[in-house]
Structures are given as structure tokens and as C-alpha cells.
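Only the coordinates and a few stated rules stand behind these numbers; no lab work does. Treat the numbers as computed from the prediction; the structure is a model and nothing was measured. Neighbour counts run over all protein chains shown; Cβ positions are idealised from the backbone, glycine included.
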Amino acid sequence: EDQVTQSPEALRLQEGESSSLNCSYTVSGLRGLFWYRQDPGKGPEFLFTLYSAGEEKEKERLKATLTKKESFLHITAPKPEDSATYLCAGTSGSARQLTFGSGTQLTVLP
Amino acid sequence: DTGVSQDPRHKITKRGQNVTFRCDPISEHNRLYWYRQTLGQGPEFLTYFQNEAQLEKSRLLSDRFSAERPKGSFSTLEIQRTEQGDSAMYLCASSFKRTGVLIGLGEQFFGPGTRLTVL
């Protein structure tokens, strides 16, 4: 059974303090690894798709990387507006649905 | 704004009542998904349509749940005889997948969700 695990569950950073969020997956025949951002009471907002090990994508202060077993979301010099829950999800084989982790709740303090 | 829309945004009902939610996907998207999310958890897949055909259903989707997508446009999710355990955020997502294209999974774009509370 496909499984996605995110760590840490919660992370508090000072503004400007860079860090990384981890997503480890056991998804047979991974076809894509997705990162989403979710604000309280809202639906997830798409950030990145990664298809193969070694791939990297960047958007503003965020950079996502993928290895054969895990993905990292690096946050460089975060700002309070980066506070949100970050969700990782995988899709495999012929499956169309996403298997999500439980998310990392990020709080960036001013 | 041409994103995914859901209606209603909030629904409070009494146990045993039936409820129906609506999702309007992004207009050119041919795939539509329903997920359920409880507090502190990631979304869990419920069911998926390609055009009007319901192609996959999760084991989470009990007989009390039914989804339709007539004419391959909007979709409805109905829950019959609601139970307190059905209280959750119900999320709809849509994507576009070109046939014959191996690369490009068609990223899923989510709506704002419908928050269901069963008393």
C-alpha cells in the first residue's frame, strides 16, 4: 500500500531562518511527487511536481528536490506569509489519485 | 476567477439527514476528483471521474456515498443517512490529461472545500 510520511509535524522558524521539510514515500512505481500549500480553511494550493530522482524546482523562497526515497522542500529566508501547512503527495502506476502525507504545519515568526 | 468552485462552503446537518455537495471544475479539465480531509490529516481520495465516467472509488466510499458527473461537467457528491463520523472537509479537484502523453500527470487543482458538520 502506498504511504507518504512527512516530518516534522510542526515547525516554528524565526523570519529569515532557513530550513527543510521532509517527505518520505513508499509508493511503488512512483510517477510523480507533488507539493501543495494549504492555508487554514482553504483547499490545497499546487506548488510543484517532481517526476524523477535528481529533479529540482524552485519558486520564490521554495525549492523542492527529489531522491529515490524522499523529497525535501527547502525554505530560504522565510517570511511570516509563508506560514501554512505544506502537504506532500505521490501518485503511482496506473493510479490517478494522490496519496497525501499528513503535512507539516509551518509557523514563521516575525 | 476560473478556478474550481464548490457549493456550499459550509453545511451543518443532523445525523440521519441526506446532504449533497456540488463541484464545478476548471472548464477545460476532463478529470475530477473528490477527497475528504479531517483535522490534522492530509486529504484522502474518495473517487475520480474522467469526463462523465466514474473510473475509480476508494474503499472509504461506503454505500451511503454516491457521486455523479453528468455530461462531464459539474459533479455532485451525496451522502445519505449522515453519521457524525462523516464530519470533515470535502474537497474537489480537477485536472487535464491529454491522451497519449506519457509525461505530464495533469496537476490537480483544488477547490475551497465544503466543511460538513454532522450533529
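Observations, loosely collected:
- Residues in the stretch A:70-110 that are more than 14 Å from chain B (Cβ to nearest Cβ) and at negative phi: 18 in all.
- Note on the stretch A:1-84: enclosed strands (runs of 3 or more DSSP E) holding 3 or more residues that are touching a residue at least 40 places away in the same chain (Cβ under 8 Å), surrounded by fewer than 15 Cβ atoms within 10 Å (Cβ to Cβ) and not charged (D, E, K, R) are A:3-7.
- Test for residue B:36: is it surrounded by 15 or more Cβ atoms within 10 Å (Cβ to Cβ) and closer than 30 Å to residue A:6 by Cα: yes
- Where strands (runs of 3 or more DSSP E) fall entirely within the stretch B:7-119, those with at least 3 residues that are within 27 Å of residue A:35 (Cα to Cα) and of a type in the set (Ser, Thr, Tyr) are at B:88-95.
- Being in contact with a Leu (Cβ under 6 Å, 6 or more places away or on another chain) and either without any contact (Cβ under 8 Å) to a residue 24 or more places away in the chain or away from chain A (no Cβ under 11 Å) (or both) is a property that residue B:75 has.
- Pick from the stretch B:42-61, criterion farther than 14 Å from residue A:96 by Cα and loosely packed, with under 15 Cβ neighbours inside 10 Å, ranking: farthest from the other protein chains (Cβ to nearest Cβ): B:52
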